[in-house]
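None of the figures in this text is laboratory data; all of them are computed from the coordinates on show. Every value quoted in this text rests on a predicted model; they were computed, and no experiment measured them. All Cβ positions, glycine included, derive from the backbone under ideal geometry; neighbour counts span all protein chains shown.
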Amino acid sequence: MSKERVVVAYSGGLDTSVMVRWLIEKKNAEVITFTGNLGHSRELKGVKEKALETGAVRAYVADMRKEFVEDYVFPALKAGALYEKTYPMATALGRPLLAKGLVEIARKEGATMVAHGCTGKGNDQVRFEVSVQALAPDLRNVAPLREWEFRSREEEIEYAQKHNIPVSVTVKSPYSIDENIWGTSVECGVLEDPMVEPPADAYQRTADPTTAPATPEYVEIGFQHGIPVSLNEKALDPVTLIDMLNAIAGTHGVGRLDLVENRLVGIKSREIYEAPAATVLHFAHTELERLTLDKSVFHMKNQLSAEYANLVYNGLWFTPLRSALDAFVNETQKNVTGLVRVKLYRGSMTIAGRQSVHSLYNAKLATYTTEDTFDHQASEGFIKIFGLPVKTYNQVNGSGAFLADPHNLFAGTDAKK
Ligand code: ARG
């Protein structure tokens with residue numbers, strides 16, 4: 001009988017290296033590794049060789065940065081999706097794409113299982129496995145970290161040494177770090193105490209705002225149908241644009257976030273995020289929408305952006321709800337074309353200008369000068385009708401509640417005497 005095959009989401013770190021060996025041993029399976037590059041600072045060279053040395057029969061490495069940005073990051077940007085109004089979801093957006101990569105290799109290799117290195121109490125296991133269920137309902141999900149015997153990093157290292165698994169036992173960061181082009185997520189260590197201010201070494205890719213350049217820098221972002229297409233008047237491909245903006249905004253200490261968040265699995269956790277480009281792009285994109293979207297569309301979209309964020313965070317990327325929300329969002333982005341200027345300075349980001357051929361800002365209506373064309377008289381009738389229910393209610397029930405003087409504001413004044 002030929003062995004079953006399992007495709008492993010492989011990073012080359014300790015957990016996934018031990019996993020390769022463990023799956024061979026415990027599941028009697030043939031292991032194939034898959035490593036998706038979503039934009040890491042760390043070198044992916046050598047990952048393939050390492051996987052093979054560890055016991056994989058084949059190892060795949062794929063550059064997925066373009067697909068990640070175009071098909072995952074940009075839809076979320078257009079939707080204004082920030083989880084709990086804050087987190088741009090670099091990690092959450094990456095998981096469904098990595099799951100898709102796993103499934104594609106599983107099909108090619110005729111595998112019956114896919115495995116990931118997520119723990120049993122995080123969101124990422126959910127994102128991986130729900131995505132696999134959507135894309136390949138017949139494949140089995142294996143999560144070794146939920147079932148294996150190791151209780152500490154030391155036990156894993158011991159196992160690795162026993163099996164001659166090449167692990168670089170360099171100085172281990174006290175943090176758990178996940179990173180891609182859209183941002184870095186940092187947790188564990190001293191960060192587990194929400195009252196502890198993140199020490200300097202918790203930050204991986206942004207400057208400390210207090211020592212960032214003393215002169216502000218302006219960036220000008222051009223959008224076309226809600227998608228960033230240029231930076232400082234230079235047309236750029238999506239990956240280059242985000243890389244460059246990460247560097248610029250990171251230099252100014254912009255994009256640091258410190259969040260206590262609600263996980264899908266019921267617990268609250270505290271995480272530090274560094275997402276310089278994502279922070280600036282979400283901000284600039286919304287500013288352009290303020291200028292170009294119809295009022296009611298802008299308001300409705302704000303409500304749906306929370307739904308979109310929840311869906312991404314909860315691992316429901318490959319669902320009909322996401323397709324439906326994307327259809328709505330894309331419809332709203334038809335006129336979100338224009339230019340936004342943002343000022344970066346020591347950790348802060350401010351709007352410095354916006355412009356669009358689809359701008360709904362009408363200077364003749366907005367001005368307080370003699371150029372004004374707004375019909376002031378028309379307001380009288382408008383307010384009468386608009387306020388009619390309020391007037392009627394108070395005619396019937398009296399307006400005492402709002403007129404009482406609980407703070408005794410007029411005590412001792414002439415009016416009261
Ligand atoms: N809390 C974030 C999320 O669920 C990030 C999870 C991974 N974080 C990490 N430091 N490894 O999307």
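Rounded to whole numbers, the Karplus 3J(HN,Hα) couplings from phi for the stretch 65-81 are 4, 5, 4, 4, 5, 6, 9, 10, 5, 5, x, 5, 5, 4, 6, x, 7 Hz, using 6.51 cos²θ - 1.76 cosθ + 1.60 with θ = phi - 60°, and x at Gly and Pro. Annotation: extensible slack from Ile351 through Tyr393 equals 10.9 nm (criterion: 0.36 nm per residue apart, minus Cα-Cα distance).
Which of rounded, prolate or oblate describes the stretch 247-290 when judged by the alpha-carbon gyration tensor and an a/c cut-off of 1.5? Oblate, because a/c is 1.5 or more while a/b does not exceed b/c. Structural descriptor for the chain: relative contact order 17 percent, calculated from alpha carbon pairs under 8 angstrom and at least 6 residues apart.
The residues packed around Asp294, meaning those with a beta-carbon under 12 Å from its beta-carbon, carry a net charge of +2 if Lys and Arg are +1 and Asp and Glu are -1. With a/c under 1.5 counting as rounded, go ahead and sort the stretch 268-339 into rounded, prolate or oblate using the C-alpha gyration tensor (a ≥ b ≥ c being the square roots of the eigenvalues; past the cut-off, prolate if a/b is larger than b/c, else oblate). Because a/c hits 1.5 or more and a/b fails to exceed b/c, the stretch 268-339 counts as oblate. Reported to the nearest whole Å, the Cα centre-to-centre distance from the stretch 3-18 to the stretch 289-339 is 36.
Out of the chymotrypsin sites (Phe, Trp or Tyr not before Pro) in the stretch 321-417, which ones are loop residues according to DSSP with at most 13 other C-beta atoms within 10 Å?
Those that pass, being in a loop and sparsely packed, are Tyr361, Tyr368, Phe374, Phe410.
Computed over the chain, the per-residue total of -39500 (n - 2.57) for DSSP H runs of n ≥ 4 gives a 222 nm mean residue ellipticity of -12000 deg cm²/dmol, rounded to 500.
Overall, the chain carries a charge dipole of about 500 debye about its Cα centre when +1 sits on the Cβ of Lys and Arg and -1 on the Cβ of Asp and Glu, all other atoms neutral. Under 5 Å between amide hydrogens, built in the peptide plane, is the criterion, and for Thr35 it picks out Tyr10, Tyr60, Val61, Ala62 among residues at least 5 positions away or on other chains. First select every other residue whose beta carbon is under 9 angstrom from the beta carbon of Leu259; then total the charges, Lys and Arg +1, Asp and Glu -1. Overall, the nearby charge balance is -3.
For the stretch 194-241 versus the stretch 250-282, the inter-centroid distance based on Cα atoms is 13 Å. In the chain, the DSSP beta bridges split such that about 70 percent are antiparallel, to the nearest 5.
Computed from backbone phi with θ = phi - 60° and the Karplus coefficients 6.51, -1.76 and 1.60, the 3J(HN,Hα) list for the stretch 133-148 is 4, 6, 8, 8, x, 7, 6, 9, 8, 10, 10, x, 5, 7, 10, 7 Hz; x is used for glycine and proline. The residues packed around Pro238, meaning those with a beta-carbon under 11 Å from its beta-carbon, carry a net charge of -3 if Lys and Arg are +1 and Asp and Glu are -1. With label points built 7 Å along Cα→Cβ from the Cα atoms of His299 and Ala327, find their separation and express it in nm. About 2.5 nm, to one decimal.
For the pair Lys85 and Glu158 in one chain, pulling the backbone fully straight at 0.36 nm per residue adds 22.0 nm over the alpha carbon distance. Amide H contacts of Gly55 (H built 1.01 Å from N, in plane; Pro and chain starts excluded): no residue 5 or more places away or on another chain comes under 5 Å. Pairwise Cα distances in the chain exceed 40 Å in 32 percent of cases.
Are there any GluC sites (Glu not before Pro) in the stretch 48-118 that are in a DSSP loop and have at most 13 other Cβ atoms within 10 Å? List them by number.
When the GluC sites (Glu not before Pro) of the stretch 48-118 are filtered for loop state and at most 13 Cβ neighbours within 10 Å, Glu84 remain.
Each residue of the stretch 49-58 was assigned a 3J(HN,Hα) from its phi angle through the Karplus curve 6.51 cos²θ - 1.76 cosθ + 1.60 (θ = phi - 60°); the sequence is 4, 4, 4, 5, 4, 6, x, 5, 7, 8 Hz, with glycine and proline shown as x.
Label-to-label distance for Glu25 and Phe374 is 7.4 nm, based on points extended 7 Å past Cα in the beta-carbon direction. Residues whose amide H falls under 5 Å from that of Val229, counting only those 5 or more places apart or on a different chain, are Gly222, Phe223, Gln224, with hydrogens built in the peptide plane.
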